[in-house]
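The values are calculated or read from the model by the stated rules, or taken from the named source; none is laboratory data. Please read these numbers as outputs of a predicted model, since none were measured by experiment. We place every Cβ from the backbone using ideal geometry, glycine too, and count neighbours over all the protein chains shown. Surface areas here come from the heavy atoms of the whole protein model, side chains and all, with no ligands, DNA or RNA. Shrake-Rupley method; radii C 1.70, N 1.55, O 1.52, S 1.80 Å.
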Amino acid sequence: MDSGYYAAMTGLVARTQALDTAAANLANAQTPGYRAEREYFRSVLLGPDAQDSQLGRTVNNFGLLGGDRLDMGQGAITATGNPLDLAIAGEGFFQVQTANGLRYTRDGAFHRSPTGQLVTQAGEAVLTLTGQTIQLPPGDVTVGADGVVSVAAAWCRLWES
């Protein structure tokens, strides 16, 4: 069998998967906290006998897209004018208590709930380093670069510097 067919097949599959990844990244480019995906390549046939067959050598010379990995690089930080819209520069995540348990996010679009709790856009509680909910008394909120949330004389730390 002609190895050109294998080259065409692996190229088609790899480009199709890469196009799907690029489309998902583009569709979510403006989604706060979205983590883009990056492709990586792998060999088609694995195992000790893969290189002993003509098919194995031919196909592995072209490679296939192995899948996607989460890009953990820093995204753009944009000022919104909302003092409760927060961003983390560098590594780290916000802890959020959801109906399905503890989750971690980089989406810092928060607001004060009617009960005074700091919550996500979905109404899920944002937690401190020690796993406590954050209650915000009435008043103007400020968040320092060190993660200290202040409202009048009350404060708590979201993360460590």
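Things worth noting here:
- Just one of (1) exposed (fewer than 13 other Cβ atoms within 10 Å of the Cβ); (2) modelled with pLDDT of 70 or more; (3) at positive phi fails for Gly47. It is (2).
- Val96 vs. criteria crowded, with 18+ Cβ neighbours inside 10 Å and modelled with pLDDT under 90: no
- Taking the listed residues Thr105, Thr120, the one that is under 17 Å from Val149 (Cα atoms) and β-branched (Val, Ile, Thr) is Thr120, with no other qualifying.
- Note on the range 101-151: residues that are in a strand (DSSP E or B), surrounded by 12 or more Cβ atoms within 10 Å (Cβ to Cβ) and modelled with pLDDT of 85 or more amount to 15.
- Within this structure, Arg35 passes the test of being charged (D, E, K, R), open to solvent by less than 50 Å² (accessible area, probe 1.4 Å) and at pLDDT 70 or above.
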